[in-house]
1. Looking at 104, 50, 43, which is the one that is surrounded by fewer than 19 Cβ atoms within 10 Å (Cβ to Cβ), part of a helix (DSSP H, G or I) and within 32 Å of the chain's Cα centre (by Cα)?
2. Filter segment 209-228 down to residues that are part of a helix (DSSP H, G or I) and either at pLDDT 95 or above or touching a strand residue (DSSP E or B) at 6+ places or on another chain (Cβ under 7 Å) (or both) and give me whichever is farthest from residue 370 (Cα to Cα).
3. Might you let me know whether segment 232-248 holds any residue that is farther than 30 Å from residue 168 by Cβ, surrounded by 21 or more Cβ atoms within 10 Å (Cβ to Cβ) and under 21 Å from the mean Cα position of the chain (by Cα)?
4. Taking residue 311 as the residue in question, decide whether it is modelled with pLDDT under 95, surrounded by fewer than 21 Cβ atoms within 10 Å (Cβ to Cβ), touching a helix residue (DSSP H, G or I) at 6+ places or on another chain (Cβ under 9 Å) and in the same structural domain as residue 272 (by TED's automatic domain parsing).
5. Checking the conditions here, which among 331, 351, 361 is free of Cβ contacts under 8 Å to residues at least 24 places away in the same chain, farther than 30 Å from residue 159 by Cα and either assigned by TED's automatic domain parsing to the domain that holds residue 240 or buried (at least 18 other Cβ atoms within 10 Å of the Cβ) (or both)?
6. Output the residues belonging to segment 53-84 that are over 23 Å from residue 175 (Cβ atoms) and crowded, with 17+ Cβ neighbours inside 10 Å.
7. State which residue is nearest to residue 134 (Cα to Cα) when the search covers only segment 147-163 and only residues that are in contact (Cβ under 8 Å) with a residue 40 or more places away in the chain and buried (at least 17 other Cβ atoms within 10 Å of the Cβ).
8. Take the residues in segment 119-146 that are touching a residue at least 60 places away in the same chain (Cβ under 8 Å), in a loop (DSSP other than H, G, I, E, B) and surrounded by 15 or more Cβ atoms within 10 Å (Cβ to Cβ); name whichever of them is farthest from the chain's Cα centre (by Cα).
């Protein structure tokens, strides 16, 4: 039987005339070519990061930053051409030289793909320098920012933040790989962050960690007496159902973290149902809608964010049916709202940690808070922090399938 199968495969190979040497060569070229493009991106963005850390390099690089106004219009033609000469041409020339040396030393033809890739940057920069045109300078085209920062590549909104949000972050030029490695995909420095559930265990831990990252924290709480006064922390009292009264405060907020919630455990009374959905879902959605009305202005899409604690209950049992149902409702509607692209919306998918809602949690709130900020700074849009390995598999599958279903079968009024 095995002999007949082997003969059959040989016959198929003969009929198809498969040249395995050619196939192997193509695979090697693809692998080495992909590696060389990845290497080019890492080298290019690492050089960019060094330009902000090494004084003699920053002297040349600063010409690039001095060429643009806040709306990315150029200060003058001379300033723009200087930026191309002393930064873009210099950077891409060094990149071409280094990758050429690597290709010559390693003797793999696929590595020359990286050289060609790097040369496209040099060609574009030279064209902009000699002609003084910005048409090919896609991330520096002037005008209002119409889309949110992309998670997959560097678009105008993403790169705008490097110029006018924090020059010591957002270093990546095409793919945000280096920012994910360095933790510079989101800068919290100087950001004003509003936090609901601020008097709770996780709320207090998050506030403490945000202050360590030089953020200004606005604690939105229904129990202001539980929060101690400290530098950088402003306490704002609010009541459930009165979310509209927070609009004036939310106008000045960069990041809104929706973290409040209740757990009625085994109860299934009408009151338990109403309060679970009101606190865990409807109140959170009202706050989101109010905050989204503040995403106005030419640069708001680049700087405004919402983080929503939907919990691991989106995909895993929490031994509390109404907690699971209300959190899943919130999570699904957040997925739906993400389709509109009004601002970055991150989900916090958190496993059990010790708190008033869950005294049996296996993680500490401080550990969870540190992990949330660690992943947020690497621009994760779905921030999973749990000890349950299944969640890291189940949640992405659930989120992707739900997103696709909503995208196909729902429409926003903007598109009608």
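The values are calculated or read from the model by the stated rules, or taken from the named source; none is laboratory data. Small disclaimer: the values here were computed from a predicted structure and weren't measured. No Cβ is skipped: glycine too gets one built from the backbone with ideal geometry, and neighbour counts run over all protein chains shown.
1. On inspection, the qualifying residue turns out to be 50.
2. So, considering only residues that are part of a helix (DSSP H, G or I) and either at pLDDT 95 or above or touching a strand residue (DSSP E or B) at 6+ places or on another chain (Cβ under 7 Å) (or both), the one farthest from residue 370 (Cα to Cα) is 224.
3. no
4. When the stated conditions are applied, residue 311 does not pass them.
5. Working: 331 fails: farther than 30 Å from residue 159 by Cα; 351 fails: free of Cβ contacts under 8 Å to residues at least 24 places away in the same chain.
Unique residue meeting the criteria: 361.
6. Hits for segment 53-84 are 63, 67, 74, 80, 81, 82.
7. Ranking the qualifying residues of segment 147-163, first place goes to 156.
8. Top of the filtered list is 134.
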